[in-house]
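Below is one structure, written out as structure tokens, with a few remarks after it.
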Amino acid sequence: MQETGRAGESALWNPFANMAALAGRAITIVRGEGSTVFAADGTAYLDAIASLWYCNVGYGRTELAEAAAEQMRRLAGFQIFEYYTNQPAEALCHRVAGLAPMPGAKVILTPGGGSDAVDTAGKLARAYWRAVGQPSRQIIISRSHAYHGMNAYGTSLGGIPLLTEAFAPLVSQVEQVPWDDPAALEKTIELAGDGRVAAFFCEPVIGAGGVYPPPDGYLAAVREICRRHDVLFVADEVITGYGRTGEWFASGRFGLDPDLITSAKGLSSGYLPIGAVIASARVAEPFWRAGSAEVFRHGYTYSGHPAAAAVALANLDLIEREGLVARVRELEQVLAGALAPLAGHELVGAVRSGTGLLGAVEIAEDARTADPQIGQKLVLAIRARGVLTRLLRGVALQVSPPFVITTEEIGRVAEAFAGALDDVAGEAGR
Ligand SMILES: Cc1ncc(COP(=O)(O)O)c(C=O)c1O
């Protein structure tokens, strides 16, 4: 298989890439169809990760392109600060509020991806407490293995040391607790002191940290602790939102009743960038109450962008019309069944799956110690077999396909993983 390098000297600085090593080896993706993307040299890749967990409706959906074109011909962009609004943004917020498992929710649209949503939610949590007369509630707690994006709040809350240690502390008053330990959360809240903690940020299923479904009873326990200490519960559903766990929101699947939800990715399936913070009636109340003078002084130039909102609406239409959330539920056990046998391989430490179309194949610790490059070798060996995956936190291979993936394609993903594990084990002379 030939890799398609970039012509001449590239000026594109890729995220998370060693640019010295990438020179001449980048793969140019030119088009997609269903769960498959094609490189400039014609090579087809089955995309087991839906780009970066987002292309839920699959590639090549012309109706989303048409929704964008139609809106852009009428009004491509116009700001929504202060007095202005537009129809797609209004309709989208109404729709998202209706889908969210929180009655009376209000929706703040963000223009980029999940990082904008996370920073918005972090600021809103603190602004809420100030608005209700408890300005000393400033501390925000997150979990080890957590990934909350790359902006200031997200970087500060991140629980993956490699992604945070190169930067000075950005946001003050953040604390971290082990990802699976409700008692540690309670102890941290108590140690902080009465009325000091603003919010707990929680991915219902940890994603970029390695795909960890919640341990039995974990989410119910932390939700209850937050309620008892009056700490806002923020469900970061940037990955899990809009169907990936087989419900519109993982908060619905796990009965979380969150105070805030952060979302992005699947809102538009990535056809245009857009995110949303969904605020419960409780959090919205001090800002929306008749006669209130409280203003959330936060927003972005492209908040409520009409073209992006029109695409998101068309994406939600499509998910509904094709019953894709139910499809995820049906495929949950198909994916789990396909990945399970990989657990027996000598290079595999664990296989995690069973919550929607989310899975991870963790590389055995001894194999990683023996060869720190083994994860990237596996990614390349799987790609050589025509399937795209990536390495999470240096330890696990990601599986998060588009919702339109077929049972046969899921089988091909598992086969490529199995074959690549054998290839790499063979090369290592194991
Ligand atoms: C849970 C979670 N929060 C936030 C983000 C940041 O989103 P973005 O990269 O779109 O800014 C991500 C991205 O993967 C995520 O998985």
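The values are calculated or read from the model by the stated rules, or taken from the named source; none is laboratory data. A quick note: this is a predicted structure, and the numbers were derived from the prediction, not measured. Cβ: placed from backbone, ideal geometry, glycine included. Neighbour counts: every protein chain shown. SASA here: full protein model, heavy atoms, side chains in, ligands and nucleic acids out. Shrake-Rupley method; radii C 1.70, N 1.55, O 1.52, S 1.80 Å.
Numerical summary
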{"read-out": "Cα extents of segment 241-285 along the three principal axes, largest first (Å)", "value": "32, 23, 9"}
{"read-out": "Per DSSP, loop chymotrypsin sites (Phe, Trp or Tyr not before Pro) in segment 18-83 with at most 11 further Cβ within 10 Å", "value": "81, 83"}
{"read-out": "Solution diffusion estimate, µm²/s, Stokes-Einstein, segment 168-269, Kirkwood Rh from C-alpha pairs, 10 °C, viscosity 1.306 mPa s", "value": "112"}
{"read-out": "Intensity falloff of segment 157-200 expressed as log10 I(q)/I(0), Debye formula with alpha-carbon point scatterers, at q = 0.22, 0.32 Å⁻¹", "value": "-0.86, -1.19"}
{"read-out": "Rg/Rh (Cα only; Kirkwood hydrodynamic radius) as it applies to segment 314-429", "value": "1.02"}
{"read-out": "Added length on full extension, which subtracts the Cα-Cα distance from 0.36 nm per residue, residue 41 to residue 330", "value": "100.5 nm"}
{"read-out": "Loop-resident sites, segment 356-399, for trypsin sites (Lys or Arg not before Pro), counting at most 15 other Cβ within 10 Å (DSSP)", "value": "none"}
{"read-out": "Net charge of Cβ neighbours under 12 Å - reference residue 309; Lys, Arg +1; Asp, Glu -1", "value": "0"}
{"read-out": "Charge-dipole axis of the chain as Lys and Arg at +1 and Asp and Glu at -1 on Cβ define it, positive-most pick from 105, 323, 397", "value": "105"}
{"read-out": "Per-residue [θ]222 nm for the chain (sum of -39500 (n - 2.57) over DSSP H runs n ≥ 4, rounded to 500)", "value": "-11500 deg cm²/dmol"}
{"read-out": "Estimated distance in nm for a label pair at residue 66 and residue 369, the labels positioned 7 Å out from Cα along Cα-to-Cβ", "value": "5.9"}
{"read-out": "Modelled FRET efficiency - R0 25 Å, residue 173 with residue 81, Cβ distances, 0.05 increments", "value": "0.30"}
{"read-out": "Ranked packing of 197-210, 22-35, most packed first, by mean Cβ within 10 Å", "value": "197-210, 22-35"}
{"read-out": "Principal axis dimensions, the chain - Cα atoms, whole angstrom, descending", "value": "70, 55, 44"}
{"read-out": "Computed magnitude of the charge dipole of the chain (debye, nearest 20; Cβ of K, R +1, Cβ of D, E -1)", "value": "840"}
{"read-out": "HN-Hα J in Hz across segment 333-349 - Karplus 6.51, -1.76, 1.60, θ = phi - 60°, x for Gly and Pro", "value": "6, 5, 5, 4, x, 6, 7, 3, x, 5, 4, x, 6, 4, 8, 9, x"}
{"read-out": "Lys/Arg +1, Asp/Glu -1 at C-beta; the chain dipole; positive extreme among 160, 267, 195", "value": "195"}
{"read-out": "Cα-based convex hull volume of segment 11-73 per residue, rounded to whole Å³", "value": "137"}
{"read-out": "Between segment 29-83 and segment 141-158, the alpha-carbon center distance in angstrom", "value": "27"}
{"read-out": "In order through segment 245-257: 3J(HN,Hα) via Karplus (6.51 cos²θ - 1.76 cosθ + 1.60), integer Hz, x for Gly, Pro", "value": "9, x, 10, 4, 9, 4, 4, x, 4, 9, x, 8, 6"}
{"read-out": "Between helix 374-384 and the chain: long-axis angle, C-alpha atoms, 0 to 90°, nearest 10", "value": "70"}
{"read-out": "From phi via Karplus (6.51, -1.76, 1.60), per-residue ³J(HN,Hα) for segment 296-304 in Hz, x at Gly/Pro", "value": "7, 7, 7, x, 10, 3, 9, 4, x"}
{"read-out": "Span from the segment 105-135 Cα centroid across to the segment 234-299 one, whole angstrom", "value": "10"}
{"read-out": "Neighbour net charge for residue 182 - beta-carbon separation under 14 angstrom, K R +1, D E -1", "value": "-1"}
{"read-out": "On Cα atoms only, tilt of 114-131 relative to the major axis of the chain in degrees", "value": "20"}
{"read-out": "P(r) histogram, all alpha-carbon pairs of segment 208-353 included - 10 Å bins from 0, percent", "value": "10, 29, 33, 21, 6, 1, 0"}
{"read-out": "Angle in degrees between helix 407-427 and the longest Cα principal axis of the chain, rounded to the nearest 10", "value": "60"}
{"read-out": "Where 300, 242 fall by accessible area, highest first, once all protein chains stay in place (1.4 Å)", "value": "300, 242"}
{"read-out": "Carbon and sulfur %, accessible surface of segment 104-156 computed with the full protein complex present, 1.4 Å", "value": "50"}
{"read-out": "Summed side-chain charge close to residue 137 - residues other than residue 137 whose Cβ falls under 12 Å, Lys, Arg +1, Asp, Glu -1", "value": "+1"}
{"read-out": "Residue 354 long-range amide H proximity, modeled H, under 5 Å", "value": "336"}
{"read-out": "Extent along principal axes [Cα atoms of segment 1-126; Å; largest to smallest]", "value": "53, 36, 30"}
